[in-house]
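What follows is a single structure, written as structure tokens, with notes after it.
Bear in mind that the values in this text are calculations on the coordinates, not laboratory data. Nothing here was measured: the structure is a model prediction, and the numbers come from that model. Here the Cβ positions follow ideal geometry from the backbone for every residue, glycine too, while neighbour counts run over all protein chains shown.
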Amino acid sequence: MFLLEHQHKGMPARTGKLVTAHGTVSTPAFVVVATRATVKAVEPAALREIGVQIVISNSYHLHLRPGEETVAALGGLHGFSGWNGPTMTDSGGFQVFSLGAGKEHGVGKVASIFPGDEPRPTRNHYRQGKSLVQLTEEGASFRSIIDGSEHFFSPEGVIELERQLGADIILVLDECTSPMHDYAYTKDAMKRTHRWAERSLTALDAPNKESLHPNPDQILYGIVQGGAYEDLRKESARVIGAMPFGGFAIGGSLGKSKQDMLYVLDWTIPMLPDDKARHLLGIGEIEDIFAGVRRGVDTFDCAAATRVARNGTVFLKGEPRHRINLRNARFSRDPRPIDESCDCFTCRNHSRAYLRHLCRSGEFSFYRLATIHNLRFLVRLMQDIRSAIAADTLEELEQDWMN
Ligand SMILES: [Zn+2]
């Protein structure tokens, strides 16, 4: 469970220990995305060397392939993947959202729309089209993106699915609303998410089929919804925060801008109990990590660090948005490592010029080397954040990064 270690002087930021059946996570921490039971391009042994503490896989994707029974038969996610450290699984609520309203509205988590802009798709899989999801009180039915087969997710079914996958921290099924949903719909969806949360807790208490469940000590997180509406977010945080969950995630539409996202955090976190961990779903830009940490977020997950790496974008403090793109011609004969202060395998062994060559040639080794650097960069950033909180100097650290 969660042990609060140090509360920062004058702000909600805190350090703590998240104790799981497969190890303890020092928080604040970055949870590395391993959607299909692997971090793309990097194997578990390298993750350990990088200092990654915890990974998050996706129940929806693993349900479609290879199927939870297969994962359970091989010892759950830990036995199956060879990563024996702490793990989380997302419930699939966000995928239901992406295939449903997100697809109809053509938007992602923080919509790419600002006041005055027209809605526009953020990525291919949010391309506008007819919703592929039928939502009822009972749950959500949808078609597989792999083979078109019909599937049904209920709160109870997702608990059973996550029990078979066996992650240490599991999330309830929720309904993610889109920033384009109006107040009335967002409120209905939030109430439904609250009823689903009750059903999930009941399902977790039901006698379990021990032989099929590889990890008996799972921690269930509730998810706060309510879109970008102040009264709904506060109500959701109060209602979900009062339920006997092991921790809490903040999910769903975080509004139409970064500022909206900060409001959502400001409304939500003070309503959640101090003695449970708080996870911010799907957010992980450096400025967002600082904004979340100072408001009391303990863990983050985001696919961006690994996704952009595969495109040639690597993190480097002091550059615009703390990143450079190795495809740039200015690196063609640059003998320096990506970051002279970085101790990762890539920076210890390879020059920008060589990495640029691998990237432009589409070599598989590039995906691995670039991902290793970006993950090590985030691991070190989170270490620095934890040290700064312990010393009550988070403000100074953030200044140093934001200037
Ligand atoms: Zn490096």
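Of the strands (runs of 3 or more DSSP E) that lie entirely inside region 1-59, those containing 2 or more residues that are closer than 20 Å to LEU280 by Cβ, in contact with a Leu (Cβ under 6 Å, 6 or more places away or on another chain) and not hydrophobic (A, V, I, L, M, F, W, C) span 14-20. Inclusion of ARG321 among residues that are part of a helix (DSSP H, G or I), under 27 Å from GLN383 (Cβ atoms) and away from the ligand (no atom under 15 Å from the Cβ) is warranted.
All conditions in (1) assigned to a helix (DSSP H, G or I); (2) over 28 Å from ASN58 (Cα atoms); (3) more than 11 Å from the ligand (Cβ to nearest atom); (4) touching a residue at least 24 places away in the same chain (Cβ under 8 Å) hold for GLY292, with the sole exception of (2).
If I ask for residues that are without any contact (Cβ under 8 Å) to a residue 60 or more places away in the chain and farther than 14 Å from SER178 by Cα, which ones from region 222-231 would you list? Across region 222-231, the qualifying residues are GLY222, VAL224, GLU230, ASP231. Of the residues making up region 324-348, those that are surrounded by fewer than 16 Cβ atoms within 10 Å (Cβ to Cβ), more than 13 Å from the ligand (Cβ to nearest atom) and more than 16 Å from SER365 (Cα to Cα) number 7. Residues that are touching a Gly at 6+ places or on another chain (Cβ under 8 Å) and in a helix (DSSP H, G or I) occur at least once in region 304-317.
In summary, ALA309 fulfils each of the numbered conditions (1) hydrophobic (A, V, I, L, M, F, W, C); (2) out of contact with any Ser or Thr (no Cβ under 8 Å at 6 or more places or on another chain); (3) within 15 Å of the ligand (Cβ to nearest atom); (4) over 30 Å from MET11 (Cβ atoms) with the single exception of condition (2). For VAL239, the criteria (1) within 30 Å of GLY82 (Cα to Cα); (2) surrounded by fewer than 21 Cβ atoms within 10 Å (Cβ to Cβ); (3) β-branched (Val, Ile, Thr) hold in every case but one, which is (1).
Whether any residue in region 270-286 is charged (D, E, K, R), part of a loop (DSSP other than H, G, I, E, B) and in contact with a Gly (Cβ under 6 Å, 6 or more places away or on another chain) is what I want to check. For region 270-286, residues charged (D, E, K, R), part of a loop (DSSP other than H, G, I, E, B) and in contact with a Gly (Cβ under 6 Å, 6 or more places away or on another chain): present. Selection within region 366-396: residues that are in a helix (DSSP H, G or I), small (Gly, Ala, Ser) and more than 15 Å from the ligand (Cβ to nearest atom). The member of this set that is farthest from ARG336 (Cα to Cα) is ALA390.
Any idea which residue in region 349-365 is farthest from ALA34 (Cα to Cα), counting only those that are free of Cβ contacts under 8 Å to residues at least 24 places away in the same chain and within 16 Å of the ligand (Cβ to nearest atom)? Checked region 349-365; the qualifying residue farthest from ALA34 (Cα to Cα) is ALA353.
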